[in-house]
Amino acid sequence: MQQFYAEYQDNEILQPLVGEISWSKHLVIMAKCKDLQERQFYIQATKKFGWTKDVVTYSLSSTLPDNYKNLLPSPEEIASKLIDFNIVNTDDETIN
C-alpha cells in the first residue's frame with residue numbers, strides 16, 4: 001500500500017487513473033511496469049478493453065525486445081503516412 005501511494009501520489013497523469021481499474025490489476029501493473037508511460041498504457045487498455053487480471057498478467061508476461069521503443073515509428077513517420085492516405089486534414093497546424 002505504501003509503494004502504491006509513493007508511486008502515484010505526485011503523478012498528475014497516473015493519479016486520476018487509480019480508480020479506473022481494480023486494486024489487483026494495479027498490483028500486477030506496478031510489479032511488471034517500471035516505466036510510467038507503460039503503466040499508463042496498460043491502465044488505459046485494461047479499462048478500455050475490460051481486461052481481467054489474468055489478461056493483464058498475460059499481456060505483461062509477453063516479452064518484448066529491450067529496444068522495442070526504437071522499433072516503433074516516429075511521430076513524423078506516422079503523420080506522413082496519415083497525410084499520404086488523406087486521413088489527416090493538412091490545412092490544420094496540428095494533428096489530433
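The values are calculated or read from the model by the stated rules, or taken from the named source; none is laboratory data. Please read these numbers as outputs of a predicted model, since none were measured by experiment. All Cβ positions, glycine included, derive from the backbone under ideal geometry; neighbour counts span all protein chains shown.
Selection within region 29-41: residues that are free of Cβ contacts under 8 Å to residues at least 24 places away in the same chain and closer than 17 Å to residue 16 by Cβ. The member of this set that is surrounded by the most Cβ atoms within 10 Å (Cβ to Cβ) is 41. I'm trying to understand the selection: among the residues of region 42-96, which are surrounded by 10 or more Cβ atoms within 10 Å (Cβ to Cβ), modelled with pLDDT under 75 and either basic (Lys, Arg) or at positive phi (or both)? 69, 81, listed by residue number.
Restricted to region 1-28, and to residues there that are of a type in the set (Asp, Glu) and assigned to a loop (DSSP other than H, G, I, E, B), the residue that is surrounded by the most Cβ atoms within 10 Å (Cβ to Cβ) is 10.
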